[in-house]
1. Mind listing just one residue for me: the one in region 85-113 that is without any contact (Cβ under 8 Å) to a residue 40 or more places away in the chain and surrounded by fewer than 13 Cβ atoms within 10 Å (Cβ to Cβ) and, of those, farthest from PHE158 (Cα to Cα)?
2. Applying the selection to region 165-200, what residues are outside any helix (DSSP H, G or I), over 15 Å from VAL88 (Cα atoms) and either of a type outside the set (Val, Ile, Thr) or under 20 Å from the mean Cα position of the chain (by Cα) (or both)?
3. Looking at SER203, SER152, can you tell me which residue is touching a residue at least 60 places away in the same chain (Cβ under 8 Å) and part of a helix (DSSP H, G or I)?
4. Could you list all residues from region 98-116 that are part of a helix (DSSP H, G or I) and either over 18 Å from the mean Cα position of the chain (by Cα) or among the polar types (S, T, N, Q) (or both)?
5. For region 220-246, give me the residue count where each residue is of a type in the set (S, T, N, Q), in contact (Cβ under 8 Å) with a residue 12 or more places away in the chain and either part of a loop (DSSP other than H, G, I, E, B) or touching a strand residue (DSSP E or B) at 6+ places or on another chain (Cβ under 8 Å) (or both).
6. Take the residues in region 251-264 that are at pLDDT 90 or above and over 16 Å from the mean Cα position of the chain (by Cα), then tell me which one is farthest from HIS95 (Cα to Cα).
7. Going by the structure shown, is GLY159 surrounded by fewer than 17 Cβ atoms within 10 Å (Cβ to Cβ), of a type in the set (Gly, Ala, Ser) and under 27 Å from GLN98 (Cα atoms)?
8. Scan SER185, SER229 and give me the residue that is over 19 Å from GLY141 (Cβ atoms), among the hydroxyl-bearing types (Ser, Thr, Tyr) and surrounded by fewer than 21 Cβ atoms within 10 Å (Cβ to Cβ).
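The values are calculated or read from the model by the stated rules, or taken from the named source; none is laboratory data. Since the model is a prediction, treat every value here as computed from it, not as a measurement. Cβ sites come from the backbone with ideal geometry, for glycine too, and all protein chains shown count toward neighbours.
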Amino acid sequence: MKVRTSLLVLTGSLLVMAAQPSSAATTSCSKNGFCYCIHETLTDAITQRVSEIRNLIATQRAQGKAIGYLSIPLSTLGGGYFAVNALVATETKDHIEQQLSPRDVWILNPGAADFVLPADADGADYMWMWTQVLEGTDGLGAFDFVYFTGPSDFARHFGLDGRANLEKLDTAYDNLIKTKPEMASKVDKRAFRDYYGLRASVSFSVGSHDEWNILRAINANRRDGDKVSGIAKQMGVFFDGKPAAPGLFEAPIGAGNALGCDKN
């Protein structure tokens, strides 16, 4: 068996890359046909975590809250840095809840430490977990809406205001190096600047591509299952703080980790 690429993370959609030895793998497919090549040894841990997350969602829903899911790139990849992305995830969750009212809305942040899997989990393992959470027990979705993180969410973190943004990111990198010197060996200054200035959003996230397609499938099930009012029962879709146009969120995009073992 080929050596698999492992992604070390606290949790989430996308994870920090590192080489890991191969182990027994199996293809697991969701109710809506999304298949992942996962570690067989992690099956029980993933099942337990899915159950815990579903209970957490049920607790929040019982309080009368609308439930949202945050899709955000997390990995140290392509110029992004995990510690920064995890902080932006927390800030974005808080921003959405404050904007809509924390009394009435709860956002699930996949980057939270509460959702970590064992250390040998990779991107496919995490996406198998999140796919089951997103689809719910019936394939029709466990959330009221999904928020896909965009450039403005990262700009808010860095204080980018449309004037010399890349210069501000150069300064941000220099300041981060002072407190996180290990970052220099993982992300260089130019890559950091260009990522957060030009690409930081779900558009460049492997896991978020899967999450977009999962949401699309859920909404298609809702539309097809109720010809009269199914369209009105779709999950809400937001990108970069604004509702997505229907033609956009009904369109598929390239798959991320949603490949069976025979396609990896």
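1. If we take residues in region 85-113 being without any contact (Cβ under 8 Å) to a residue 40 or more places away in the chain and surrounded by fewer than 13 Cβ atoms within 10 Å (Cβ to Cβ), then ARG103 is farthest from PHE158 (Cα to Cα).
2. Those that are outside any helix (DSSP H, G or I), over 15 Å from VAL88 (Cα atoms) and either of a type outside the set (Val, Ile, Thr) or under 20 Å from the mean Cα position of the chain (by Cα) (or both): LYS180, LYS186, ASP188.
3. Testing whether each residue is touching a residue at least 60 places away in the same chain (Cβ under 8 Å) and part of a helix (DSSP H, G or I) leaves just SER152.
4. GLN98, GLN99, LEU100
5. 1
6. Selected residue: CYS261.
7. The answer is yes for GLY159.
8. SER185
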